[in-house]
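Just below is one structure, and these are the notes that go with it.
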Amino acid sequence: MSITQIGKVVYSLKGRDAGRPFAVVSVINEDFVMIADGKYHKMNNPKKKNVKHLTTKGENLPQIAKKLEEGKQIFDGELNKALRSCIL
């Protein structure tokens, strides 16, 4: 499963945020992605993360991915709600 896909739900393996779910909001290169969750790492300040420190269970957020690809604004509450509904 490719982690370097916009809208993919990923879980942090390392760091202070270990175990938390995030959404991939942009891909820097094959080694690094930008992640956000709408609560601790907001859309205006996503976190740069090495893909070696991330895992996925295969969940996607297609509505978030579509808006990101179209260049539309995503609000933090919208992203947080989508992540919560996906992992429950």
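Number of residues in the range 71-88 that are assigned to a helix (DSSP H, G or I) and within 14 Å of Ser26 (Cβ to Cβ) equals 1.
Within this structure, Asn60 passes the test of being surrounded by fewer than 17 Cβ atoms within 10 Å (Cβ to Cβ), within 12 Å of the chain's Cα centre (by Cα), among the polar types (S, T, N, Q) and modelled with pLDDT under 95.
Tallying residues that are touching an Asp or Glu at 6+ places or on another chain (Cβ under 6 Å) and surrounded by fewer than 19 Cβ atoms within 10 Å (Cβ to Cβ) within the range 28-42 yields 1. Looking only at residues in the range 37-70 that are part of a helix (DSSP H, G or I) and basic (Lys, Arg), the one that is nearest to Leu13 (Cα to Cα) is Lys52.
Only residues that are closer than 17 Å to Ala65 by Cα and loosely packed, with under 13 Cβ neighbours inside 10 Å were counted in the range 1-27, giving 2.
Looking across the range 9-43 at every residue that is touching a His at 6+ places or on another chain (Cβ under 8 Å) and in contact (Cβ under 8 Å) with a residue 40 or more places away in the chain, the one that is farthest from Leu61 (Cα to Cα) is identified as Leu13.
The values are calculated or read from the model by the stated rules, or taken from the named source; none is laboratory data. Remember, predicted model here, so these are calculated numbers, not experimental data. All Cβ positions, even for glycine, are placed from backbone atoms using ideal geometry, and neighbour counts span all protein chains on display.
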